[in-house]
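S.K.: Here you go, one structure.
The values are calculated or read from the model by the stated rules, or taken from the named source; none is laboratory data. The shown structure was predicted, so the numbers you read here are calculated from the model rather than taken from an experiment. Counting neighbours? That spans all protein chains shown, and the Cβs are built from the backbone with ideal geometry, glycine included.
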Amino acid sequence: MSVTLDKVYESSAEKRTVVLWVSRHPPLPSQIDVLERKLGGVVVYQLAGIIPNAEAVIEYVKKLNATVVVPVLPLSIIARLAELAKSTGFTILLAKMEAIAATKDPEEVKRLVSENPWARTITTYADGVIRVFEFRCFERLIRVELVTEPF
C-alpha cells in the first residue's frame, strides 16, 4: 500500500494554517472545529497509508509548508518527529481520545457513534473487537522521553 495525500478540509478564511493530518482516519468535525478556533483558518491535508519513518512525514511537511502536524503513528516515529520539529519549525498536536466502549456488537457500535457522531470514531482490531473513541482535546507535544531502570 502506498501513501495517499488528500485535502480533506479548507476553511474560507483568507489566511490559513496548513495542517498535515497523518492518520488512516480523517479528522472528526469536532477536531476541525477546535483547530479553527485555536488556529483561525485552516487547510487540512490527510496523509494515509504505510508511513515508514519520520523523514517521510517531513517530506510532506516541506512540500505543503505545513506548520502543524497531527500524527497517529507508532511512538518511535512520533519521537523522531519531535526531534525534527525543532529544526524544521512545526508544531505537533496529539489528539486526546477517550475510550468509550469495546464490543463485538456492530449494532451497539452504531448506536454509540450515533450519540455523538461529531466527536466519535471507531477502530476495529484483528480479534474482531471494535473500540469506540471520543475526541476530548488536542495537546501540544513538547518532547518524548524514555526512562528506564535496571531489571
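S.K.: Based on what the data block shows, is residue 93 of a type outside the set (Phe, Trp, Tyr), more than 20 Å from residue 28 (Cβ to Cβ), crowded, with 20+ Cβ neighbours inside 10 Å and touching a strand residue (DSSP E or B) at 6+ places or on another chain (Cβ under 8 Å)?
M.R.: Taking the combined requirement at face value, the residue does not satisfy it.
S.K.: Let me ask something else. Would a scan of the stretch 44-61 turn up a residue that is touching a residue at least 60 places away in the same chain (Cβ under 8 Å) and either closer than 16 Å to residue 91 by Cβ or exposed (fewer than 15 other Cβ atoms within 10 Å of the Cβ) (or both)?
M.R.: no
S.K.: While we're here: I'd like to check something: does the stretch 58-67 contain any residue that is of a type outside the set (Gly, Ala, Ser) and in contact with a Gly (Cβ under 8 Å, 6 or more places away or on another chain)?
M.R.: yes
S.K.: Do we have residue 107 as surrounded by 11 or more Cβ atoms within 10 Å (Cβ to Cβ) and at pLDDT 95 or above here?
M.R.: Here the answer is no, as residue 107 does not meet what is asked.
S.K.: Could you tell me which of the residues 75, 47 is hydrophobic (A, V, I, L, M, F, W, C) and modelled with pLDDT of 95 or more?
M.R.: Going through 75, 47 in turn, just one is hydrophobic (A, V, I, L, M, F, W, C) and modelled with pLDDT of 95 or more: 47.
S.K.: Note down all Cβ pairs under 9 Å where the first residue falls in the stretch 5-16 and is more than 11 Å from residue 43 (Cβ to Cβ), the second is part of a strand (DSSP E or B) and among the aromatic types (Phe, Trp, Tyr), and they're at least six residues apart or on different chains.
M.R.: If the second residue must be part of a strand (DSSP E or B) and among the aromatic types (Phe, Trp, Tyr), the pairs left are 5/45; 6/45.
S.K.: Can you name every one of the helices (runs of 4 or more DSSP H) wholly within the stretch 34-151 that holds 3 or more residues which are within 20 Å of residue 6 (Cα to Cα) and not hydrophobic (A, V, I, L, M, F, W, C)?
M.R.: Per the criteria, 54-64.
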